[in-house]
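Undergrad: Structure incoming, see below.
No lab work stands behind these numbers, since they all come straight from the coordinates. As the structure is a prediction and not an experimental result, all values here were calculated from the model. All Cβ positions, glycine included, derive from the backbone under ideal geometry; neighbour counts span all protein chains shown.
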């Protein structure tokens, strides 16, 4: 066979993502703050773009049109880009690493400056905090990373997201649990169980409600929370006043033991979250409003305040296009016009897509809006995508960095996606949290050593009730609820 150059004519099909479509895909996953900054930069670069004066009426679900050709084209393009951009999928995160800092030694009998505790770090070295900050990750991001692998599902995961949002920069929980339970419609027992699980996150001491609880969590991890140390934590005000005789009597120890206990206390971190970079405090403006309508329905509308409204200045275009003389000037004006038209079209399509996805989420999770977190249904991206005839990757991008304001509070769109457990007798799947509640009730009902259920027995009971669940899943849920094994429960009941 002879080798040599030759000409061939081939015909084929390929999918090419143009710069304009790349822009439209990018706009889908931007938050309202990021979108405002992007539009502002485009206004500076493109002289044919102008900000529309006046506010428009909110777009509601009744105004949403049928999918247009541009929407179908954008959806197809986002599907082709899904393999190359998996970062937009919910919960696709990895655990972060704990940042720590070293302090210098201080005498146990030295004075403790409790006023410096608010600056973070340990009591031994408050001033070394600046060198130990983890600038690349905030405390909230670090906690969400751990939540992704904590095994909390359904309502417990939803409550955990709310609790994480209520943690301040120091790691303390600043949410009133009773108020949160009333707003979410959940039981206080579930909230406390979830909080207990979150208090096992790193750094140790996060989710504490006061200094005593924060230090107690750290001592408990070191297995040093004995009765004498608990008495010391109960009398921190005496320690601040340096009232050693009264403190020694309260703890029931001698001078040497008291100094050792104070040294242990000073080595702890009163603000565990301060080792992480602080994120700027900003009010989260919701992208979508959900309001109750007559007849038990829900009205879904976009927040017009978060939608940048721009238009093409046709008058200025006519002026500059008429004055263009060279080919370079004409090409520049034509490019500006094309870019401006595409941006206006992309912003409009983005708003309609967000509204469509949000309306379907509200339709799927109307039980949560009416009855609270216990009524969250199992939901995933594919269910929403199939219902509105979009690709799963499009829904993933839309739900990234977007929030919904409901009568029960403001939640990220990802909040409404929960895991499911199949039914063993057919029918609708069970939410993971409802299964956890069944497991908890079975164990709470154990009144004697003979009534203790093993994990295998719990699996059999749940399958009889129509829940198809594996033994390892039961063990994972039990451990996440801090419930000991059947052998340990028998031992506790035996000595009760």
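Undergrad: Label-point separation (nm) for residue 50 and residue 338, each offset 7 Å from Cα along Cα-to-Cβ?
TA: Taking the two extended label points, one gets 2.4 nm.
Undergrad: Against the 2.2 N^0.38 Å scaling, with N counting residues, where does segment 116-277 land? I'd like the Cα-based Rg ratio to two decimal places.
TA: Working: Rg = 17.2 Å, N = 162, 2.2 N^0.38 = 15.2 Å.
Here the answer is 1.13, to two decimals.
Undergrad: Something else about it: Under 18 Å from a point 7 Å along the Cα-to-Cβ line of residue 228: which residues of segment 245-269 have their amide N that close?
TA: Under 18 Å, as judged by backbone N against the label point of residue 228, lie 245-268 of segment 245-269.
Undergrad: Still on this structure, please answer the following. With label points built 7 Å along Cα→Cβ from the Cα atoms of residue 485 and residue 249, find their separation and express it in nm.
TA: Simple spin-label model gives 4.8 nm for this pair.
Undergrad: I need 25, 483 ordered by Cβ neighbour count within 10 Å, fewest first. List each step's numbers first, then the result.
TA: Values: 25 21, 483 17.
Ordered by Cβ neighbours within 10 Å, fewest first: 483, 25.
Undergrad: Between residue 285 and residue 311, what is 0.36 nm times their sequence separation minus the Cα-Cα distance? Round to one decimal in nm.
TA: Numbers: separation 26, 0.36 × 26 = 9.36 nm, distance 2.33 nm.
Gain on stretching residue 285 to residue 311: 7.0 nm.
Undergrad: Could you please rank 453, 142, 391, placing first whichever residue has the fewest other Cβ atoms within 10 Å of its Cβ? Don't skip to the answer; put the middle values down first.
TA: Working: 453 18, 142 25, 391 21.
Arranged by neighbour count, lowest to highest, 453, 142, 391 become 453, 391, 142.
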